[in-house]
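Below: one structure, written as structure tokens.
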Amino acid sequence: MKTRTRRTRILAGIGVAFVLVAGSLAFLLLRIERSLKSAAAETNAAEHIPFESRMLSESTSVPVEWISSPAKWTTGALYNWRIYLGGPTGLFEVSADGSPARSFRPGLELPAAPISALAVGTPRGAAQPELLIATHGAGLLLFDGRRFMQILPHEAAARDVTVILPLATGDVLLGTRKLGVLVYSGGANGNGAGELSFLHPQLSGRSITALAGVAGDFWAGTQTSGLIHFHGGTADVLTSAQGMPDDDVTSIAVRGAAVYAGTPLGVAEFENGQLKRVLAKNYFAQALAVDDRSLTIGTVDEGIVRVPRDAAPAQRRIRADGVGTARQQDAAAATAFFNTQNGLLAVTNEGLLERSGEENFWRPVLNGVRPVLSDSDISALAFAPNGALWIGYFDRGLDVATIRGDVEKVTHREDEHIFCINRILADDHNARVDVATANGLALFDQHGELDRVLGRRDGLIADNVTDIENYGDGLAIATPAGITFLGHDGAESLYAFEGLVNNHVYAIGVSQSRVLVGTLGGISLLENKNVVRNFTVANSTLKHNWITAIAPVGDEWFVGTYGAGVMKLAADGQFAAFEHATRPMEVNPNAMMVTPAHVLAGTLSDGLYIYDRDTGRWRQWTAGLPSMNITALAERNGEIYIGTDNGLVRIAERSLAQ
């Protein structure tokens, strides 16, 4: 009986102790939660940010076909024992054997916005941990493994989320590009209700680049304002004046009482909130990971390096033995690190790499599918006389694709001239393709072979060619220094001294002997190479001087602007605004195309605008687009090819009427 009584007392004591510990933990979490709410209340109740929550549709029946381009990942996370990678090309799930499992594409399963960060947490009201997805322009996405819920603020700046920090309280901190740190308190039963508000006045109005820590004691990196330590309801700002290597904080890692803040000039180490030293001086630390023994740094241009935590500050020189220095691990540029059960994973420009334990090398772990195209940042499109699709890139030269239903063959071209592509013109008269680049005008023959590159030495007014059009027996060539007419009689240039409204020419439209020249400062109308009239906001009803695209439509002109959308210039010289399309909107350079049924205009952030020539009405198209930034357009055999900064898609033109 005594033994049983003693055992009962011991068990009772353990139970009491457990209750006390649990109660203390609950009390601590309650205090932290109250601290966060108190800090948020210091702003103003009127500063709560209105938003809507909605479940994303599972339907992907949009009649848009993607043409495979290289996947670009910038962030990653381990969720439900699966690896998830995010970036401009969407969200990708990787199975245990390293092969792609599911993919969720922007414009189809996901909003047409790049993914900027991934994290795993349990928002208030959620029944289980969820994958939290920050987007550049579409707010916050919550993924439970089956469905996506979108938290979409009404204010555009609040939709631009850069980083996420889920807290044990159920709150989720959101770093934004312009508004600082917001706090999202999820709704009961995961219904997306709750509040979105500013966390603290000293954390508002800043460009947030990194977040790390716990509720009541966390660190925020900013783009130009240094590092902010938020603790006890107060915010301490640490800049280069307090010893930070730079005011631009790019990454943060926390290990116990140690905090590491990466900058373009090295890594600042803090201990118990105090700056201790600077490691890896002059290394651009865009990503950090820390364990008990070392700090791993993902640099911009010097690969992945490792610094022992007990080492002296790293010198610029990298020694093979790595003693007391940063040791280079790989040439890839890592943008993010995250841990799995097998070790540390690095998201890089080369794919996904893994390092196990104390190994000093990285191995690829993702068996990807080889993409069709060489790049995804498209700047120009055109079909050659032989039917090949020429695809220009902003900084990767061009691809020539043979298309017979599907893309069968792609040839890539890139050199010191064929690099930054501004415009591609199919020259049917001469059976060639003319390519406007930042380094000259490249002429390709009917077989796709480079014939020559023209520049200032050949009579052009500048080497940088921004647009080209057929004119008479030659070409009209736009440059930042004026316009050059190139024909059998040689080159003849025109610029502001001869009456051009502005030297910086972005776009050219040609209709018989007339040429409409769009510049940074307005429009010049030329007749037989002579300026007959200039249009600006000061002397006409033109709503914006910066002209980016021009297309003749019958005896009229459609004019794209960088700031006022699309306008119409009638034959009588009067400008008219379009309902829906003349608005605060940027039309991309030369992203305008005319078909017998439509006029299409690509915009910087509003998707594709479509003008029905029968009804005379404009409407916006965003469904299925990989990005809202439409940069180039081409048409062949009733199919529209749409180039974006995030890949290439095609759609039957008849579908645009749906």
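The values are calculated or read from the model by the stated rules, or taken from the named source; none is laboratory data. Keep in mind it's a predicted model, so treat the numbers as computed, not measured. Glycine also receives a Cβ, built like all others from the backbone with ideal geometry; neighbour counts cover every protein chain displayed.
Overview of values
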quantity	calculated
Criterion violated by residue 561 - all others in (1) without any contact (Cβ under 8 Å) to a residue 24 or more places away in the chain; (2) under 22 Å from residue 516 (Cβ atoms); (3) among the hydroxyl-bearing types (Ser, Thr, Tyr) satisfied	(1)
Only one of 468, 461 that is outside the structural domain of residue 413 (by TED's automatic domain parsing), in a strand (DSSP E or B) and either under 21 Å from residue 559 (Cβ atoms) or not acidic (Asp, Glu) (or both)	468
Inter-residue pairs, beta-carbon under 8 Å, first in contact (Cβ under 8 Å) with a residue 12 or more places away in the chain and in segment 568-588, second in a loop (DSSP other than H, G, I, E, B) and of a type in the set (Lys, Arg), 6+ apart	575/543; 577/543; 582/543
Selection status of residue 526, closer than 17 Å to residue 422 by Cα and hydrophobic (A, V, I, L, M, F, W, C)	no
Residue 537, sole failed condition from (1) within 30 Å of residue 615 (Cβ to Cβ); (2) in a strand (DSSP E or B)	(2)
Residues being outside any strand (DSSP E or B) and either in contact with a helix residue (DSSP H, G or I) (Cβ under 7 Å, 6 or more places away or on another chain) or surrounded by 14 or more Cβ atoms within 10 Å (Cβ to Cβ) (or both) - total across segment 267-281	2
Of the criteria (1) assigned to a strand (DSSP E or B); (2) more than 20 Å from residue 92 (Cβ to Cβ), which one residue 346 fails	(2)
Strands (runs of 3 or more DSSP E) fully within segment 572-658 counting 2 or more residues that are within 23 Å of the chain's Cα centre (by Cα) and surrounded by 23 or more Cβ atoms within 10 Å (Cβ to Cβ)	587-594, 598-603, 608-612, 630-636, 639-644, 647-652
Test: residue in segment 235-242 that is more than 25 Å from residue 282 (Cα to Cα), of a type in the set (Gly, Ala, Ser) and touching a residue at least 24 places away in the same chain (Cβ under 8 Å)	yes
Residue match in segment 285-305 (condition: over 23 Å from residue 76 (Cβ atoms), among the hydrophobic types (A, V, I, L, M, F, W, C), free of Cβ contacts under 8 Å to residues at least 60 places away in the same chain and not in a loop (DSSP other than H, G, I, E, B))	no
Out of 378, 391, 424, sole residue that is modelled with pLDDT of 95 or more and either in contact with a Ser or Thr (Cβ under 6 Å, 6 or more places away or on another chain) or surrounded by fewer than 19 Cβ atoms within 10 Å (Cβ to Cβ) (or both)	378
Sole exception among (1) loosely packed, with under 15 Cβ neighbours inside 10 Å; (2) assigned to a strand (DSSP E or B); (3) in the same structural domain as residue 375 (by TED's automatic domain parsing) for residue 492, by number	(3)
Selection within segment 100-158 - crowded, with 23+ Cβ neighbours inside 10 Å, under 23 Å from residue 81 (Cβ atoms) and at pLDDT 95 or above	115, 117, 118, 130, 131, 132, 133, 134, 141, 142
